[in-house]
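The structure under discussion appears below in the form of structure tokens.
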């Protein structure tokens, strides 16, 4: 059995599952119509939008494991891996998949904006959960693309039509995504507290000695979220980036250490900076003055109140 399937073109996957090949750069597959579909662990070099309406199987993407009994939508991008290793079993799935090549997007506005759709890169921990009505809307779009591919010759007019449908589908997905992380904030309103506690424990447990400064990726993993999704949740909740919040936390600790009499080198080391010069640059960028200038200003302020 093949351990993995390299999906270098959209039709690599279509041929594997026995689906119709409609276009060299776009593939629409209706799982319900397949008779001999098997599992596959896929190495993607194309984009994919999977609308899985019913599946008794658990599949993996990155660090996540997904069951699709109630329907979900997964988006993958070139360089990502997901699925289930082929064990020879004939499987039965209800749903659709749209695959499209990066080549289709070359020179287009959608190609320039594709990275703005974060749901293509947060696959490590989350999937989208459209309502049944929203699933039907996406399904209609898939059917329309398939009809266009079947009825029109491959030319620039067809490709512009397909790209227009892709933009529509991705905007629908963006709406699902925005609603989902707003719901996540409402349902899990202690996220900011857990984020703050995580940063406090990071230093109380001395993790900066081995790992250096805390990062968004580290915090996201500890909170069982992917970096992009975590960043979007934090921005939605606070209006600030997760990076800015981490930097503010670290700089507040810096001022406390300096007020306690720590030297600049000691403070830099306690915070997890590799070099004191790096700490000084970050401190000045954050406060508008160097640690030495900050201390002198604080000392003058203290002296004037005595």
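The values are calculated or read from the model by the stated rules, or taken from the named source; none is laboratory data. This is a predicted model, so every value here is computed, not measured. Heads up, the Cβs are rebuilt from the backbone with ideal geometry, glycines too, and the neighbour counts pull from every protein chain shown.
General observations
- Matching entry among 234, 161 (being at negative phi, surrounded by 15 or more Cβ atoms within 10 Å (Cβ to Cβ) and at pLDDT 95 or above): 161
- Here 45, 80 are screened, and the one residue that is closer than 18 Å to residue 102 by Cβ and at pLDDT 85 or above is 45.
- Test: residue in the stretch 273-282 that is without any contact (Cβ under 8 Å) to a residue 40 or more places away in the chain, out of contact with any helix residue (DSSP H, G or I) (no Cβ under 6 Å at 6 or more places or on another chain) and on the phi > 0 side of the Ramachandran plot: no
- Residue in the stretch 163-176 that is in contact with a helix residue (DSSP H, G or I) (Cβ under 8 Å, 6 or more places away or on another chain), within 29 Å of residue 139 (Cα to Cα) and not assigned by TED's automatic domain parsing to the domain that holds residue 139 present: no
- Residue 9 being modelled with pLDDT under 90, under 24 Å from the mean Cα position of the chain (by Cα), surrounded by fewer than 20 Cβ atoms within 10 Å (Cβ to Cβ) and in the same structural domain as residue 177 (by TED's automatic domain parsing): no
- Residue 246 vs. criteria surrounded by 19 or more Cβ atoms within 10 Å (Cβ to Cβ), closer than 26 Å to residue 197 by Cα and touching a residue at least 40 places away in the same chain (Cβ under 8 Å): yes
- Members of the stretch 283-296 that are over 19 Å from residue 245 (Cα atoms) and either touching a residue at least 12 places away in the same chain (Cβ under 8 Å) or outside any helix (DSSP H, G or I) (or both): 289, 290, 291, 292, 294, 295
- Any hit, the stretch 203-215, residues being over 22 Å from residue 270 (Cβ atoms) and touching a helix residue (DSSP H, G or I) at 6+ places or on another chain (Cβ under 8 Å): no
- Among the candidates 30, 68, residue that is closer than 21 Å to residue 131 by Cα, touching a strand residue (DSSP E or B) at 6+ places or on another chain (Cβ under 7 Å) and at pLDDT 90 or above: 30
- Matching residues in the stretch 70-91 - criterion: being outside any strand (DSSP E or B), surrounded by fewer than 18 Cβ atoms within 10 Å (Cβ to Cβ) and touching a residue at least 60 places away in the same chain (Cβ under 8 Å): 85, 86, 87, 88
- Residue 127 being farther than 18 Å from residue 229 by Cα, assigned by TED's automatic domain parsing to the domain that holds residue 46 and in contact (Cβ under 8 Å) with a residue 12 or more places away in the chain: no
- Restricting 94, 152 to those that are at pLDDT below 90, touching a helix residue (DSSP H, G or I) at 6+ places or on another chain (Cβ under 7 Å), surrounded by fewer than 17 Cβ atoms within 10 Å (Cβ to Cβ) and assigned by TED's automatic domain parsing to the domain that holds residue 51 reduces the list to 94.
- Near pairs, Cβ below 9 angstrom, 6+ apart or cross-chain, from the stretch 166-179 (at positive phi and surrounded by 15 or more Cβ atoms within 10 Å (Cβ to Cβ)) to any residue that is assigned to a helix (DSSP H, G or I) and at pLDDT 95 or above: none
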